[in-house]
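What follows is a single structure, written as structure tokens, with notes after it.
The values are calculated or read from the model by the stated rules, or taken from the named source; none is laboratory data. This structure is a prediction, so every number in the text was calculated from the model and none was measured. A quick note on method: Cβ atoms are made from the backbone with ideal geometry, for glycine too, and the neighbour counts reach across all protein chains shown. SASA here: full protein model, heavy atoms, side chains in, ligands and nucleic acids out. Shrake-Rupley method; radii C 1.70, N 1.55, O 1.52, S 1.80 Å.
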Amino acid sequence: QKASSLQSRNMGNSQAVPKVRAKDLKRLCGEDNCGWLNKTGLSSTRFQKRWCAIHELKLYYFDNPRSEEPNGVVELRGAIVTRSKHVKMAIEIETGALVATKGIEKRVYIFTPEIEDKGATNIDADERKAKQREKEKKYIEKWLGWLQKETARTFTPGV
């Protein structure tokens with residue numbers, strides 16, 4: 001099944017979620033535009049680890065990179081993507097902000113980096129935390145760049 005000819009399913013809300021396998025998006029994305037992030041839910045402010053991939057003006061999020069279908073999709077067409085002013089080391093995506101398109105829900109999503117601490121054990125805790133924060137900062141900047149580049153396609157002719 002090709003990712004560009006996606007089937008849709010309803011997730012209990014007004015928006016249909018395209019049915020696409022994580023591994024198909026992973027193959028399309030390669031090393032760019034995919035990886036682990038933490039996401040807050042609609043009804044819970046607790047962050048959940050999600051494998052995410054950007055494709056065709058959408059941010060798909062899955063339980064893991066082998067999932068058969070996404071948990072959800074963030075519509076990036078006309079979205080505003082910024083560093084969060086409310087959550088430290090986070091990205092905010094405000095959907096439906098710049099374009100009025102039927103079916104695009106106005107909502108704010110928050111994502112934070114998901115990086116495993118595989119640092120050296122022979123350094124002190126403060127140095128280890130500083131190295132972890134630096135990794136998280138680089139990871140957030142990478143995702144911010146990917147997302148802003150993708151949302152800019154909203155206003156690119158022929159997209």
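Six or more apart or on different chains, Cβ atoms under 7 Å: show the pairs whose first residue is in the range 137-159 and more than 11 Å from residue 79 (Cβ to Cβ) and whose second is part of a helix (DSSP H, G or I).
159/153
Read through the list (1) under 21 Å from residue 19 (Cα atoms); (2) open to solvent by less than 70 Å² (accessible area, probe 1.4 Å); (3) at pLDDT 95 or above, then give the number of the only condition that residue 145 fails.
(1)
Would you confirm whether any residue within the range 120-136 is under 17 Å from the mean Cα position of the chain (by Cα), open to solvent by 40 Å² or more (accessible area, probe 1.4 Å) and modelled with pLDDT under 95?
Scanning the range 120-136 turns up at least one residue that is under 17 Å from the mean Cα position of the chain (by Cα), open to solvent by 40 Å² or more (accessible area, probe 1.4 Å) and modelled with pLDDT under 95.
Scan (1) modelled with pLDDT of 95 or more; (2) at positive phi for the single condition residue 60 breaks and write down its number.
Of (1) modelled with pLDDT of 95 or more; (2) at positive phi, only one is false for residue 60: (2).
Which of the residues spanning the range 40-55 are in a strand (DSSP E or B) and open to solvent by 70 Å² or more (accessible area, probe 1.4 Å)?
Scanning the range 40-55 gives 47, 49.
Tell me, please, whether a residue that is at pLDDT 95 or above, open to solvent by 50 Å² or more (accessible area, probe 1.4 Å) and within 16 Å of the chain's Cα centre (by Cα) can be found in the range 26-35.
No, that holds for no residue.
Counting just the residues of the range 36-70 that are farther than 13 Å from residue 21 by Cβ and of a type in the set (S, T, N, Q), which one comes out nearest to the chain's Cα centre (by Cα)?
38
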